[in-house]
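Notes for the one structure printed next.
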Amino acid sequence: MSDLRSINPSNGDIVGVYPQLSEQELNQLIVEVNSEFDLWRRIPIKDRCKYFKYLAEAIQIRKDEFARLMALEMGKPLFQGIGELDKCALVCDYYADNGEKFLADQTIKTDASDSYVSFQPLGVILAVMPWNFPFWQVFRFAAPAMIAGNVVVLKHASNVQGCADAIEGLFIEVGIPNNTFRNLTIDSSKVDYVIDNSFIKAVSLTGSTSAGKSVAQKAGSVLKKTVLELGGSDPYVVLKDADLDIAVDACISGRLLNSGQSCIAAKRFIVDINIQSEFEKKIINKMNKQRVGDPFLDKSTVGPMVNKAAKDELAIQVSKSIDQGAKLIYESDVPKSKTGCYHPIMVLSNVKPGMPAFDEELFGPVACIITAQDESEAISLANQTSYGLGAAVFTSDIEKGKEIANVELEAGAGFVNDFVRSDPRLPFGGVKESGYGNELSSYGILEFVNIKTVYVR
């Protein structure tokens, strides 16, 4: 059984080595977490909420340290790491402030003397989390799940085990009872084995569509609930009446966040033919102000890709698209490095269905411009994808924008004149091959509870 390794994508240095748990150790750990469940669920909700207030404070105190850890393990620029950790503190505060209200019994008037709905925790929840937002994805899930009374085992990505250990340490640091949150030092081949464990009651996964299908199939075979947040190919529809400065700024922010390595990144810019030329000029001008480089340097706005395999896969997708007629209209400089996984910022134009740049998820700093003859074709092209995570529309007609975002775009979130992002106050989830279920808001905290009817004659 090979050790897990964290490798700095900026230079190829080994950051950390983590021995995997044996099956015996893994089983024992799950037993210990399950044993803690009955104690944790009986702690009053208001007291469970207090722990997450403490977590929010601890995250803020140590966010510089954790941002550096993310930069080392997966290449996130420091300023983006700080932003991610601020958001982790925000989600902890949000559920600490609202958890008791969200989980309050709901009285339903019937012919009974008393009837109501209560929300009871399920038990041990397995969280399978990705490397690209190694703190946010965990806290986004853990805060509502644990405030609801569940306990958690985390299977984090193999390359961010330092982050995983740091998160587990935070729970211990603020006094949350031992074994309510534990990290499983295992690789992806052990996930099915964990799901099979009778103490595991449900699974939350954020990752690729292929990983989601695999987990859903396994969980379904043993009748365990899943929530899946999967891949995306988010379309940004730019209509002819759009404010192009607003649209371009949003497109760049949405495309380059986390070096383009995000499921909700802006991946397809669908632009009305009447404004395409001006849009391209503006986006090239502003892309030229971005800098690919060492994530520890203040001037770097785009860091390295997570590893060489990801960099090479993106390069192949771009090359195939160009061979099929896409035009490379912008390419940035990258640091000269034999070991760093730097990929240039690129802008492709003349992208069409049938090309990888249109049909597939490009997980990196490559923007794809698609020509639409009119509004109707723009919406059709936006929906011409197997994914449905987020989408955005840009127009000066706000009512029309709201109608398109709400009714026409096939996605879990529709944004008007802004880039797609999550907010603890709003539900987050996808449709089609982007997954199912919701995270965040009042809806997210109810995903891993038994919605229970109580009837008194």
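The values are calculated or read from the model by the stated rules, or taken from the named source; none is laboratory data. Predicted model, so just to flag it, every value in this text is computed and none were measured. No Cβ is skipped: glycine too gets one built from the backbone with ideal geometry, and neighbour counts run over all protein chains shown.
Can you name every residue in segment 22-48 that is under 18 Å from ALA142 (Cα atoms), without any contact (Cβ under 8 Å) to a residue 24 or more places away in the chain and part of a helix (DSSP H, G or I)?
ASP38, ASP47
When the residues of segment 102-121 are narrowed to those that are in a strand (DSSP E or B), of a type outside the set (Phe, Trp, Tyr) and in contact (Cβ under 8 Å) with a residue 60 or more places away in the chain, which ends up farthest from TYR443 (Cα to Cα)?
ASP114
Find the residue count for segment 12-34, including only residues that are among the polar types (S, T, N, Q) and surrounded by fewer than 14 Cβ atoms within 10 Å (Cβ to Cβ).
3
Might you let me know whether segment 332-341 holds any residue that is surrounded by fewer than 17 Cβ atoms within 10 Å (Cβ to Cβ), without any contact (Cβ under 8 Å) to a residue 60 or more places away in the chain, over 20 Å from ILE273 (Cβ atoms) and touching a helix residue (DSSP H, G or I) at 6+ places or on another chain (Cβ under 9 Å)?
no
Give just the number: which of (1) more than 15 Å from the chain's Cα centre (by Cα); (2) at pLDDT 95 or above; (3) within 30 Å of PHE52 (Cβ to Cβ) does CYS263 not satisfy?
Going through the list (1) more than 15 Å from the chain's Cα centre (by Cα); (2) at pLDDT 95 or above; (3) within 30 Å of PHE52 (Cβ to Cβ), CYS263 breaks only (1).
Step by step: first the residues of segment 286-304, then only those that are among the aliphatic types (A, V, I, L, M) and either within 15 Å of PRO344 (Cα to Cα) or not assigned by TED's automatic domain parsing to the domain that holds ALA392 (or both), then the one that is surrounded by the fewest Cβ atoms within 10 Å (Cβ to Cβ). Which residue is that?
Ranking the qualifying residues of segment 286-304, first place goes to VAL292.
Taking the condition of being surrounded by fewer than 14 Cβ atoms within 10 Å (Cβ to Cβ) and assigned to a helix (DSSP H, G or I), how many residues in segment 271-285 meet it?
The qualifying residues number 4.
If you scan segment 108-127, which residues turn out to be farther than 30 Å from LYS155 by Cα and either within 35 Å of the chain's Cα centre (by Cα) or not assigned by TED's automatic domain parsing to the domain that holds ASN178 (or both)?
Those that are farther than 30 Å from LYS155 by Cα and either within 35 Å of the chain's Cα centre (by Cα) or not assigned by TED's automatic domain parsing to the domain that holds ASN178 (or both): TYR116, VAL117.
Mind listing whichever residues of segment 165-182 are outside any loop (DSSP other than H, G, I, E, B) and touching a Ser or Thr at 6+ places or on another chain (Cβ under 8 Å)?
Answer for segment 165-182, where residues must be outside any loop (DSSP other than H, G, I, E, B) and touching a Ser or Thr at 6+ places or on another chain (Cβ under 8 Å): just PHE171.
Looking at the structure I just gave you, is GLU408 outside the structural domain of ALA145 (by TED's automatic domain parsing) and of a type in the set (Asp, Glu)?
Yes.
Which of the residues that make up segment 128-141 are surrounded by fewer than 24 Cβ atoms within 10 Å (Cβ to Cβ) and touching a strand residue (DSSP E or B) at 6+ places or on another chain (Cβ under 8 Å)?
PRO130
Answer yes if at least one residue in segment 195-202 is small (Gly, Ala, Ser), part of a loop (DSSP other than H, G, I, E, B), without any contact (Cβ under 8 Å) to a residue 12 or more places away in the chain and outside the structural domain of PRO304 (by TED's automatic domain parsing), and no otherwise.
Yes: one or more hits.
Only one of ASP249, ASP272, ASP243 is of a type in the set (Asp, Glu), closer than 17 Å to VAL351 by Cα and touching a residue at least 12 places away in the same chain (Cβ under 8 Å); which?
Going through ASP249, ASP272, ASP243 in turn, the sole match is ASP272.
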